[in-house]
Protein chains: 2
Amino acid sequence: MTAEILAVGSELLTPQRVDTNSLYLTQKLNELGVEVVAKGVIGDDRVRLTQAIEQARARTPLLILTGGLGPTEDDVTRDAAATACGCNLVFHQEIVDAIEARFRSFRRAMAPINRRQAYILEGAEILPNERGTAPGQWLRDQAGVVILLPGPPNELKPMFEAQCLPRLVQWLPQRHIVARVLRVAGMPESDLDQLISPIYTRYTNPVTTILAAPGDIQVHFRAHGSSDAEARALVEELSRQVEEALRDKIYSRDGESLEEVVGRLLSERGATLAVAESCTGGLLAERITSVPGSSRYFLGGWVSYSSHAKTAWLGVSPQTLETHGAVSAEAAREMAQRAREAACSTLGVSVTGVAGPAPDPGSSHPVGLVYIAVADQQSCEVKERRFVGERDRVRLQASQLALDLIRRKLVGN
Amino acid sequence: MTAEILAVGSELLTPQRVDTNSLYLTQKLNELGVEVVAKGVIGDDRVRLTQAIEQARARTPLLILTGGLGPTEDDVTRDAAATACGCNLVFHQEIVDAIEARFRSFRRAMAPINRRQAYILEGAEILPNERGTAPGQWLRDQAGVVILLPGPPNELKPMFEAQCLPRLVQWLPQRHIVARVLRVAGMPESDLDQLISPIYTRYTNPVTTILAAPGDIQVHFRAHGSSDAEARALVEELSRQVEEALRDKIYSRDGESLEEVVGRLLSERGATLAVAESCTGGLLAERITSVPGSSRYFLGGWVSYSSHAKTAWLGVSPQTLETHGAVSAEAAREMAQRAREAACSTLGVSVTGVAGPAPDPGSSHPVGLVYIAVADQQSCEVKERRFVGERDRVRLQASQLALDLIRRKLVGN
C-alpha cells in the first residue's frame, strides 16, 4: 500500500518553516506497512491545491492533507478537496455548536467566520478535534481514502492517533509490523555506527534506521512478518545483539525520553533531586519539569548565573571561585553539594561551563568546556567535558550528560 | 515569477529526514522576487518523477530539481528529466575526464558506473561541481528553465550561488524586493487577523504572510518594485497602517526575538533581572540565557518547584502560601519581590501556575491558570491568565507573557 501526504499553507513555503507533520505521519504509516511515495507542500491556493489533490489521488489510494482547515479566507483545503473529489460540502450545525461551546469554556465568543469550519465533504466522517476548532475529515470513496487533518501538530497527532489509526487498521490489508527503538546518550554517531553497523547491515528485515541529535541517538528497528510473533522474534534477534554491543549506553528500549527515564527512576526509589545550573541557564530544570508529575521528585533549582548567585544564594565558598574559577571541578562540586543540602534532596546536580559563542571575559577556558557534578549523601562525582558546536548545542549536550549521569547514579553504573 | 522545487530521494521520504535544501533555495529565490508556489519530495522512482516534472513544468516556468544525480541505478533524475522535457541525453567525455581526475587526486580509481554522471540533457549547460562528482545542469527551453542540482547541501549551495544565481538574474525580469517582519506577543491569531486583515487584504503587493506560534505571531510583508525605493515605500505604507492597528502589541520590527528585545532593553538601561519560576520550571531562565551575553543583565533565578523552595530559598511567607495557595496573585507577588531583593536586581519576575496535564492534587485551580508578577523597587504588577493547551504550550505561553511584561515595564507601557 502506498500513500502521499500534502501539507497546505503558504507559511510552509517560506525559508523559515518546514513541514514536520509529514515526518510523524510517515512514521505512523510505516508502522502500518504503508509506504509514503511522495509528499508535497502547496500554498493557500485553491486552484493549485485542487489540481494537486486530483493528481495525487490518481497515483495513490491513500492521501493525507494537513492544514488549511482554519476559519479564514486563506483556508482552502475543504473547498479544494470537495472540488477534486467531486462532492458537495455539507454544513453541520452540531460542529458550530461544539466550536461555540469551546469558545464559551474560555469565556470568549465565537467569531462568525468560524462557521466555515462546519462544512464537511459529503459522505465524509467527522473527526472531532479535542484541542482546537477545526474538525478533521475521513472520506472513503471509489478512489480510496482522503484524510483532512488540522495543521497544528498538537491537534493533528491526537486526532490521527485516536481516530485515523483504528480506521486505517480496518481499511488496510492485514500485515504484522513490530518496531522497537533503542535510545543512547552521550555517544557520537560515528562511534555508534562503527560499533553496530557490522550487526544491523546483515539484516534487511528488520530495517534499521539511526536518528542522531546532539548527545542523543535513536536506533530504530522495524520488522514485518506473517504473524505478530514472527515479526517480534525478528526484532528481538537483532535488538539483542545491538544491545549487547551498546550495553549501559542504552537508556531506554521503549521510546522513553531521558528526562522520563530519570523521573521514573527517581520515583521508583522515592528519591528527590535539586539542581544548580550556570551555563545551561535553566535548561536542565526545564527538561526535568517538562515531564508531567515531576513535582513528586524535583524539589527545585538555582540558576546561579552570576558569582553573587553562586555564593550568596547557594553558599559556594568565595575562595573556591577565586582560586579555581566559576568554571571548575571544584565549583561544580560545591554547587551540587550545596544544592542538595539546601533542598534536603537525595541528589544534587550542577552544571557550570562556557556555552559560548565567545570565551568568558578574562578567562582562558575554551568555549564548550563544561563541568557536571552529581552529589549524594556519601560522595560527589564530577565530569569534565569539552563539547563541540554552537551555544545551543553545548547547552543541550551539557543537559543531556547531566541527565545521563543522574540515570547512571540511580541504576548504579 | 513563480517556481517549484522537487527533492529527489527515497531517504527523504523516511520519518527521520527532511529536505532542507528547499529552505535555502526558497530564501535565494525570494530574494530575487521569485515565489515558490509548491514543493515536493519524490522517491527514486523514474515513472513518478517523470510525471512530477511534467506536472510541475505545466504549472511554473522555473523548476529546480535536487538530488538523484549520483552514479547508481537509484539515481533517476537525469533520465526522468530527459523524458519529461522531451530531449535526448548526450554523453560528454570531458565530464568523465574531470571525474577521473578528481578520483586520481584522492589516489583512487573511478568506478565504471560514474560514467552515468556524464549524460547531460541535450541543449543544457553543464554546471561543474567543485565538491563532488555530479555536475549540475541548466536547461532553458520553450517551457522555461529546469535546473538539476546535486543533493548534498555542501555541493548544492556553492553551485547554486556561483553558477545559477548569475544565470537567474539574467533570465528573470528585473525587480527589487523589500521585506519586513513585525513580531507580536500575547495575542491570539484570530484576534490579530480580525484586526489587520481589513488592512492587508487591500494589498496584493506587498504580500502578507502570518506565522503563528503559541503566544508569538510574525507578520511578514514582501513588496516588489521597479526600484528599491519603490518597493520600500510599498512596504512602509502597509506596515505603517498595521503598526497603528497593533501598537504596543508589536515587540520587534526587524526580526529580533522577544528574548533578544528584552536583553537589549535591559542592557540599554543598565538594568538587571532575576526570576523565580514555578510552573515554567526553568523555561523562562532558559530563554533569557539562550541569548549570548545575557550574563550582563541576567543575575539568576530560582526554580522554586516545591513549597519548601518558595519559603526556605526565596523567603515567601508560609502564611501567604497557606492562605492563598502557591498558585495565587499573592504568591506571585512575593516571589517576584523576594527574587529581586535577594538578587539585588532592578527587576524581579515570577511565574506560578498549573501547567497540567492534571490539576494539582487537592487544588481547585484549573489547568492553564497562571500568575505572573513583575516587580521593581517601587511597585509590583501581577497578571492572571488562563492559557489553553497542553503542558508544553501552557509553559511556553506563560514564559512568553513574562518576557512581554518585562518588555512593557522597560519601555513604559
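Laboratory data are not the source of any read-out in this text; all were calculated from the coordinates shown. Fair warning: this is a prediction, and the values are worked out from it, not measured in the lab. Cβ sites come from the backbone with ideal geometry, for glycine too, and all protein chains shown count toward neighbours.
Before moving on, here are some points about what is shown:
- Label positions at residue B:162 and residue B:74, each projected 7 Å from the Cα along the C-beta direction, are separated by 2.8 nm.
- Estimated 222 nm signal from helices in chain B, with DSSP H stretches of n ≥ 4 weighted -39500 (n - 2.57), rounded to 500: -11500 deg cm²/dmol
- Nitroxide proxy distance, nm - points 7 Å out along Cα→Cβ at residue B:11 and residue B:140: 3.4
- Estimated D of the stretch A:102-213 in µm² per second, where Rh is the Kirkwood radius over Cα pairs and Stokes-Einstein applies at 25 °C, 0.890 mPa s: 134
- Approximate shape of chain B as ellipsoid semi-axes (Cα gyration tensor, √5λ), whole Å, largest first: 54, 25, 19
- Restricting the calculation to alpha carbons of the stretch A:33-105 gives Rg and Dmax of 14.7, 44 angstrom.
- For the stretch B:176-252: span of alpha carbons on each principal axis (Å, largest first): 37, 21, 18
- √(5λ) per eigenvalue of the Cα gyration tensor, the stretch A:2-171, largest first, Å: 24, 17, 17
- Burial ordering of A:365, B:224, fewest other beta-carbon atoms within 10 Å first: A:365, B:224
- Checked against a 29 Å cut-off, the cross-linked pairs A:249/B:310; A:28/B:39; A:157/B:409; A:28/A:409; A:39/B:157; B:39/B:157 give Cα-Cα distances beyond that limit for A:249/B:310; A:157/B:409; A:28/A:409.
- Residue B:339 sits among other residues whose Cβ lies under 14 Å from its own Cβ, and their net charge, with Lys and Arg +1 and Asp and Glu -1, is 0.
- Percent RCO, i.e. relative contact order, over chain A, from Cα pairs under 8 Å lying at least 6 residues apart: 10
- Going from the fewest other Cβ atoms within 10 Å to the most, the residues A:352, B:50 appear in the order B:50, A:352.
- Using the Karplus relation 6.51 cos²θ - 1.76 cosθ + 1.60 with θ = phi - 60°, the per-residue 3J(HN,Hα) values for the stretch B:30-45 come to 4, 5, 8, x, 9, 9, 8, 9, 6, 9, x, 10, 10, x, 7, 9 Hz, with x marking Gly and Pro.
- In plain terms, the C-alpha convex hull of the protein assembly as shown casts an average shadow of 37.3 nm² when viewed from every direction.
- Taking N as the residue count of the stretch B:265-411, its C-alpha radius of gyration divided by 2.2 N^0.38 Å amounts to 0.96.
- Order of A:59, B:107 - criterion: other Cβ atoms within 10 Å of each residue's Cβ, fewest first: B:107, A:59
- Inter-probe distance in nm under a simple model that places probes 7 Å from Cα toward Cβ, at residue A:90 and residue A:201: 5.7
- Comparing A:250, A:199, A:113 in a Gaussian network model of chain A where C-alpha atoms under 10 Å apart are linked, the largest mean-square fluctuation is found at A:113.
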